[in-house]
Amino acid sequence: MNDPAFDRHRLLAWFAEKGVDYRTHDHPAVFRVEEGLELKAALPGAHTKNLFLKDHRGRLWLISARQDTVIDLKRAAAAMGSGRLSFGNETLMFDTLGVRPGSVTALGLINDAERRVTFVLDRRLWEAEVVNFHPLINTATTALDQAGFRRVLALLEREPLVVDFAALP
């Protein structure tokens, strides 16, 4: 395993260099959505949960959704046009997104230079005024307004597949 091109410090320096407005809050490590609820209540905007997945054909997927979104992997697979989904392993996650379990984030796409990961975004995040993601590590949360988030995606040349998970049958 090689070290990723970007870690938290390089990511935030890249934001500054590209003129992306952001605000980062440091906090104790958070590994699961439920652990950070009290902390997140003090931070404005939509908080996220992020799933790193692999389908039966070996395609990689990253789903970013609001933290309160229920994601049924069978229904998600149908909506995304993927095969049967399972969680990607830690080595694959680190090799593609440069993050460890508990730190999965859409911002990890900056490390996916080979574009192996298909990015799937919950419609509620696509429409949120402010979105919050880990900056490649789970001891901080970075808030981006929607314009900043879309600028990051444009700079990375990543067009998300937007899915309305709340409306799936």
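The values are calculated or read from the model by the stated rules, or taken from the named source; none is laboratory data. In this text the structure is predicted, and so the values were computed from the model without any measurement. FYI the Cβ positions are ideal-geometry reconstructions off the backbone, even for glycines, and counts take in every protein chain you see. Surface accessibility is based on the protein's heavy atoms, side chains included, excluding ligands, DNA and RNA. Shrake-Rupley method; radii C 1.70, N 1.55, O 1.52, S 1.80 Å.
Tabulated values for the structure
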| item | result |
| --- | --- |
| Among Gly45, Gly58, Gly148: highest mean-square fluctuation, GNM of the chain, C-alpha pairs under 10 Å | Gly58 |
| For region 140-151, Karplus couplings with θ = phi - 60° (6.51, -1.76, 1.60), whole Hz, Gly/Pro x | 7, 10, 10, 9, 10, 6, 4, 5, x, 5, 5, 5 |
| Simple label model, 7 Å out from Cα along Cβ direction - Arg116 to Lys18, nm | 2.1 nm |
| Helix-only [θ]222 nm of the chain, DSSP H runs n ≥ 4, -39500 (n - 2.57) each, per residue, nearest 500 | -7000 deg cm²/dmol |
| Surface share of carbon and sulfur [accessible, 1.4 angstrom probe, percent] for region 1-142 | 48 percent |
| Virtual paramagnetic centre 7 Å along Cα→Cβ of Glu157, amide N under 16 Å, in region 105-135 | 109-119 |
| Mean accessible surface per residue for region 62-119, computed with a 1.4 Å probe while every protein chain stays in place, in Å² | 45 Å² |
| Listed values [x] 9.0; [y] 11.9; [z] 10.9, entry calculated as mean projected area of the Cα convex hull in nm² | [x] |
| Max mean-square fluctuation residue, GNM over the chain, Cα-Cα springs under 10 Å, options Asp145, Asp55, Asp72 | Asp72 |
| Length gained when the stretch Arg150-Ala166 is fully extended (0.36 nm per residue, less Cα-Cα span) | 3.6 nm |
| The chain: antiparallel DSSP beta bridges as a percent of all, rounded to 5 | 65 percent |
